[in-house]
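The values are calculated or read from the model by the stated rules, or taken from the named source; none is laboratory data. Everything numeric in this text was worked out from a predicted model, so none of it was measured. FYI the Cβ positions are ideal-geometry reconstructions off the backbone, even for glycines, and counts take in every protein chain you see.
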């Protein structure tokens, strides 16, 4: 067995990329269709206000809202990771600060939004 002299954090970044891609492709479009269109236009015979109340009530629980913001966070991580590697594919080597800011924003934006939502 070969001993690794220097380990990389790249598998962690690619894991976030994979999870975000799967959520973005499989879960988010169905959420947009159901919440954005079907419930909003009252498909199914429900009143729009009653549908909103039924949907928003579970989202006020801190654990469920944290899971929703975590899901949005990994989708944002996927987008940032794809944008960073697109620059690499275009033979543009941005400085290391760009990587830190890109991935930092992908982590901080959902956390800040969750804190604002829970405290407000």
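Observations
- Hits in region 26-43 (condition: out of contact with any helix residue (DSSP H, G or I) (no Cβ under 7 Å at 6 or more places or on another chain) and either at pLDDT below 70 or farther than 22 Å from residue 75 by Cα (or both)): 38, 41, 43
- For region 108-120, the set of residues classified as under 18 Å from residue 64 (Cα atoms) and either part of a helix (DSSP H, G or I) or within 13 Å of the chain's Cα centre (by Cα) (or both) consists of 109, 110, 111, 112, 113, 114, 115, 116, 117, 118, 119, listed by residue number.
- Scope region 105-120; condition farther than 17 Å from residue 74 by Cα, modelled with pLDDT of 80 or more and surrounded by 14 or more Cβ atoms within 10 Å (Cβ to Cβ); matching residues: none
- Taken together, 19, 35, 43, 101 contain a single residue that is without any contact (Cβ under 8 Å) to a residue 60 or more places away in the chain, assigned to a helix (DSSP H, G or I) and over 21 Å from residue 9 (Cα atoms), which is 35.
- Region 93-104, subset surrounded by 10 or more Cβ atoms within 10 Å (Cβ to Cβ) and over 18 Å from the mean Cα position of the chain (by Cα), residue farthest from residue 77 (Cα to Cα): 94
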